[in-house]
Amino acid sequence: MSINYKIVVATPLSKEKFEAESKIFISLERLKINCEVEVIYNNKTELTKVYNSFINQENKDKKLVFAHDDLLIEDLFFFEKLEDAFTMYDIVGLAGSKSCNLSSPAPAWHLMCERNQLVGEVSHSSGNTFWTTVFGPTPSRALILDGLFLAVKVDKLLETNTKFDEDFGFHHYDITFCLIANKNKLKMGVYPIKVTHYGLGNSMLSEEWKESSEKFLKKYKND
């Protein structure tokens, strides 16, 4: 079953640092027994271009899992849950929203909707503190998914010509991808897969995020 999966991780870390420091390396060592694993080390290429390079005929019979390098996948039933999720959805995430206000001045998926539109859950860690953020019910249909984890059916993406928007790089790639997928009538949803995210998601404080936000609003606000 799981042999048809390929996990893709793009990391700025070298191979040595990745194996010593990355949380997902621990997961991949366990999961690679049952699936293919592709790690792009020392990555400086935009995520949209990296991810699009895997949406091709070579992988048409596979399901790709795009995951951040600071994500620890802890679920012992990882593949079984994904198989169940894929009976309902073409694209699977862990957290997201059921609506998206494109007029929102702060284009982050959790700020572009009412609180009751959030779905999914993700555990987090900072230092020695662990907690779980319950955004909303899961499993659930979603319009937008958080890019820390995106699992996709390659054949459905190819069939509908759905790819990541390469006008964006390390920010807003997930929102734009989901907007394109929704236009192409692909089904998206969240599923309760146990993970812990070791990133605090504070990229919104960076100048790069602000510049990307302006670009996003200009391109998608009136779309």
Being surrounded by fewer than 24 Cβ atoms within 10 Å (Cβ to Cβ) and over 23 Å from K210 (Cα atoms): is that true of S126 here?
yes
Filtered residues of region 27-41 (kept if surrounded by 13 or more Cβ atoms within 10 Å (Cβ to Cβ), free of Cβ contacts under 8 Å to residues at least 40 places away in the same chain and assigned to a loop (DSSP other than H, G, I, E, B)):
Y41
State yes or no: is D69 outside any strand (DSSP E or B) and surrounded by fewer than 20 Cβ atoms within 10 Å (Cβ to Cβ)?
no
Being of a type in the set (D, E), in contact with a helix residue (DSSP H, G or I) (Cβ under 9 Å, 6 or more places away or on another chain) and surrounded by fewer than 19 Cβ atoms within 10 Å (Cβ to Cβ) narrows it down to one of E159, E166, so name that one.
E166
For region 13-26, state whether one or more residues are among the hydroxyl-bearing types (S, T, Y) and in contact (Cβ under 8 Å) with a residue 60 or more places away in the chain.
no
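Throughout, read-outs are computed from the coordinates displayed, never taken from laboratory work. A quick note: this is a predicted structure, and the numbers were derived from the prediction, not measured. Note that each Cβ is placed from the backbone with ideal geometry, even for glycine, and that neighbours are counted across all protein chains shown.
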